[in-house]
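The values are calculated or read from the model by the stated rules, or taken from the named source; none is laboratory data. It should be emphasised that the depicted structure is a prediction, and the values quoted were computed from it without experimental measurement. Glycine also receives a Cβ, built like all others from the backbone with ideal geometry; neighbour counts cover every protein chain displayed.
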Amino acid sequence: MRTARDAVAAVVDPEIRVVTIEDLGILRGVAADPATGRITVTITPTYSGCPAMDVIRADIRAALAAAGHPDAEVRTVFAPAWSTDWISAAGRAKLAEAGIAPPGPATRTGPVPLTLGVRCPRCGSVDTEQLSRFGSTACKALWRCRTCRDPFDQVKPL
Ligand SMILES: [Zn+2]
């Protein structure tokens, strides 16, 4: 039987199905009550009001039930607030492999925000331009590579 933590960590993001909630840093903890076996999962939502969170909660419960843990509770914690900086190196690699540019650093320092070119996930060129602040979902922006001329999504830094 898979452990409760493995089952939860394998739940994929409903909007970006190539990465898991663990890759995204949404999963904060999985604890089992030794007396009752009840599982408590703690998650932090990504972009506020992201409708995906309801799906994620349901998927976590389904994954736990399938792994033999039907008695589970999903808790949501809002502090500290989620940031795209929490996306793991493995998660960033999976995004790039799927043709989605990973977000740059969310922390902006100095009076003028530094505009970094987003690297094309297909050819690696930094000669790219933003076409729209919103890509296939609100969490992503639409970019185009001037080198290979292909559009691609970027997970917006937050
Ligand atoms: Zn390119």
List the residue pairs whose Cβ atoms are under 7 Å apart, where the first residue sits in the range 74-94 and is without any contact (Cβ under 8 Å) to a residue 24 or more places away in the chain, the second is surrounded by 18 or more Cβ atoms within 10 Å (Cβ to Cβ), and the two are 6 or more positions apart or on different chains. R92/P102
When residues of the range 124-143 are filtered for being farther than 28 Å from P45 by Cβ and within 22 Å of the chain's Cα centre (by Cα), how many remain? 1
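Answer yes if at least one residue in the range 92-112 is of a type in the set (A, V, I, L, M, F, W, C), more than 16 Å from the ligand (Cβ to nearest atom), assigned to a loop (DSSP other than H, G, I, E, B) and at pLDDT 90 or above, and no otherwise.
No - not one qualifying residue is present in the range 92-112.
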Of the residues in the range 134-157, those that are under 22 Å from D85 (Cβ atoms) and either within 11 Å of the ligand (Cβ to nearest atom) or without any contact (Cβ under 8 Å) to a residue 12 or more places away in the chain (or both) come to F134, W143, F152
Would the range 45-55 turn up any residue that is farther than 16 Å from D13 by Cβ, modelled with pLDDT under 95 and assigned to a helix (DSSP H, G or I)? no
If you go through the range 130-149 one residue at a time, how many are under 17 Å from G117 (Cβ atoms), in a loop (DSSP other than H, G, I, E, B) and among the polar types (S, T, N, Q)? 1
Just give me the residues in the range 18-44 being of a type in the set (S, T, Y) and either farther than 23 Å from D153 by Cβ or assigned to a loop (DSSP other than H, G, I, E, B) (or both), in sequence order. T36, T40, T42, T44
